[in-house]
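Asks: Just passing along the structure, written as structure tokens.
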Amino acid sequence: MGALRPWARYGLLAVAHLLALGLGATVLQALEGPPALRLQANLRAELATFQAEFGACLPAGALEELLGTALVAQAHGVSSLGNGSEARNWDLPSALLFTASLLTTTGFGHMAPLSAGGKAFCVAYTALGLPASLALVAALRHCLVPLLSRPGAWVATRWQLPPPRAALLQAVALGLLVVGVFVLLPALVLWGVQGDCSLLEAIYFCFSSLSTIGLGDLLPGRGSGLHPVLYHLCQLALLGYLLLGLLAMLLTVETFSELPQVRAMVKFFGSSGPVNAEDEGAILGQDELALSTMPPSAAAPAQVPAC
């Protein structure tokens, strides 16, 4: 594959991406198609039963009109169901969670602006807030990456590991730590608090939130009949979870993207020729795991001058 031209490599990536999209669509169609059809059949059966029992008391089309109005309101996060804990969607905790979902590009979809002014403000707010959020994340990453590299540098010194293997070990350890602290542990808490969701659904929510997918079909506290104070506390906890979890996820992705193996693969698809020894040395040189933090006794030997 090293003899392939750049356009052939990009074409290969595009074909692989299209194949992955087709595979995902086929699997989801096979998994989700039958349950959706069963749910649709159950809904039609319930509507037929309701109309057969109460149809004489309702004008023609009244039920469909009521359901349409309710579905439109539900799409904007407005619902009259429950005990009133979610009646005020735009109180301060709800608005904070909504703005956090905008700036983190999560977009749970549980709320949406109704007024033209609110929609225009969301456009301007997101256009200005996203660059500011990216700048903040870049500054935090610049401060945190050296701190996260120190354990890896210590392990590399203690075990006399080569930099590529030490970088891989550090990335795997950080990934496992983030999965345990920001996916499994919150999922267990959500599973215990939210009585109507399974552990798999809780893990699914945590992962979809931290990957900024934000499908919005599950939201902690929503629809569970919680007291208004507890419901707002759940919203504030979700706000903090989003901010901290997304930062941890971005640091993990950045750590994996700096691995020599990943950089070599990117170099292969981005260059016109195979990765030579000089390029590989440059790649490895950028992943020294902050060796400057090592003690002087563990410093690497001086390089031999090139001929």
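The values are calculated or read from the model by the stated rules, or taken from the named source; none is laboratory data. On a predicted model such as this, the values are computed, not experimentally measured, just so you know. Neighbour counts are summed over all protein chains in view; Cβ atoms, including those assigned to glycine, are modelled from backbone coordinates with ideal geometry. Just so you know, the surface numbers come from the protein's heavy atoms only, side chains and all, with ligands and any DNA or RNA stripped out. Shrake-Rupley method; radii C 1.70, N 1.55, O 1.52, S 1.80 Å.
Asks: Of all accessible surface on the stretch 89-267 at a 1.4 Å probe, what whole percent is carbon and sulfur? Numbers along the way, then the final one.
Replies: Details: 7530 of 9770 Å².
Solvent-exposed carbon and sulfur of the stretch 89-267 make up 77 percent of the total.
Asks: Another question about this same structure. Ranked highest first by average number of other Cβ atoms within 10 Å, how do 172-185, 228-241 line up? Spell out each step's value before the answer.
Replies: Details: 172-185: 15.3, 228-241: 17.0.
Taking the mean over residues of other Cβ atoms within 10 Å, the ranking is 228-241, 172-185.
Asks: Zone of Leu71 (label point 7 Å along Cα→Cβ, backbone N under 19 Å): which residues in the stretch 29-52?
Replies: 33-52
Asks: Fully extended, how many nm does the chain gain between Leu39 and Leu134 (0.36 nm per residue separation, minus their Cα-Cα distance)? Provide the component values of the computation, followed by the final result.
Replies: Details: separation 95, 0.36 × 95 = 34.20 nm, distance 4.13 nm.
Stretched fully, the Leu39-Leu134 segment lengthens by 30.1 nm.
Asks: Take the Cα atoms of the stretch 125-197, find their three principal axes, and give me the spread along each one in whole Å, biggest first.
Replies: Per principal axis, max minus min of the Cα coordinates gives 49, 38, 16 Å.
Asks: Separate question: Would you list Phe50, Phe268 from the most to the least accessible area, probe 1.4 Å? Could the numbers behind the result be given before it?
Replies: Working: Phe50 80, Phe268 40 Å².
Greatest to least solvent exposure: Phe50, Phe268.
Asks: What is the log10 of I(q)/I(0) for the stretch 1-71, computed with the Debye formula using one identical point scatterer on each Cα and no solvent, at q = 0.16, 0.21, 0.24 Å⁻¹?
Replies: -0.75, -0.93, -1.03
Asks: Please give the length that would be gained between Leu236 and Leu102 if that part of the chain were fully extended, namely 0.36 nm times their separation in residues minus their C-alpha to C-alpha distance (nm, one decimal). Write down the numbers at each step before the final one.
Replies: On the way: separation 134, 0.36 × 134 = 48.24 nm, distance 1.53 nm.
Contour length minus the Cα-Cα distance gives 46.7 nm.
Asks: Ordered by residue, what ³J(HN,Hα) values in Hz, to whole numbers, does the stretch 200-211 give under the Karplus form 6.51 cos²θ - 1.76 cosθ + 1.60, where θ = phi - 60° and Gly and Pro are x?
Replies: Rounded to whole hertz, the list is 4, 5, 5, 5, 4, 5, 4, 5, 5, 6, 6, 8.
Asks: Can you figure out the FRET efficiency of Glu64 with Leu147, using R₀ = 51 Å and their beta-carbon distance, to the nearest 0.05?
Replies: 0.30
Asks: Give the span of the stretch 125-265's Cα atoms along each principal axis, as three whole-Å numbers ordered largest to smallest.
Replies: Between the extreme Cα coordinates on each principal axis of the stretch 125-265 lie 56, 37, 27 Å.
Asks: Let me ask another. Sort Trp90, Trp7 by heavy-atom solvent-accessible area, probe 1.4 angstrom, most to least.
Replies: Details: Trp90 125, Trp7 180 Å².
Heavy-atom accessible area, descending, gives Trp7, Trp90.
Asks: Evaluate E = 1/(1 + (r/R0)^6) for Arg158 and Leu21, where r is the Cβ-Cβ distance and R0 equals 41 Å; express this FRET efficiency to the nearest 0.05.
Replies: Numbers: r = 45 Å, r/R0 = 1.09.
Computed FRET efficiency for Arg158 and Leu21: 0.35.
Asks: Report the FRET efficiency, 1/(1 + (r/R0)^6), for Thr49 and Lys119, where r is their Cβ-Cβ distance and R0 is 51 Å, rounded to 0.05. If you can, show how the numbers build up before the last one.
Replies: Values: r = 39 Å, r/R0 = 0.77.
Efficiency computed from Cβ-Cβ geometry: 0.80.
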